[in-house]
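The values are calculated or read from the model by the stated rules, or taken from the named source; none is laboratory data. Computed from a predicted structure; not experimentally measured. Glycine gets a Cβ as well: all are built from the backbone with ideal geometry, and neighbour counts include every protein chain shown.
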């Protein structure tokens, strides 16, 4: 097997098909992680923003 064949076989990934959208599983995991971080940024308080009396 040549190195080009190995590279071609290693680069083929799994895809999720939803309607007209085709997304690789790796990209879907990255998008999900970004959404989780975004939601956490909205919900968690800023450091040091406690009630100062």
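General observations
- Count of region 16-41 residues which are touching a residue at least 12 places away in the same chain (Cβ under 8 Å) and not in a helix (DSSP H, G or I): 1
- Residue 9 fulfils the conditions (1) at pLDDT 90 or above; (2) outside any strand (DSSP E or B) except for a single criterion, (1).
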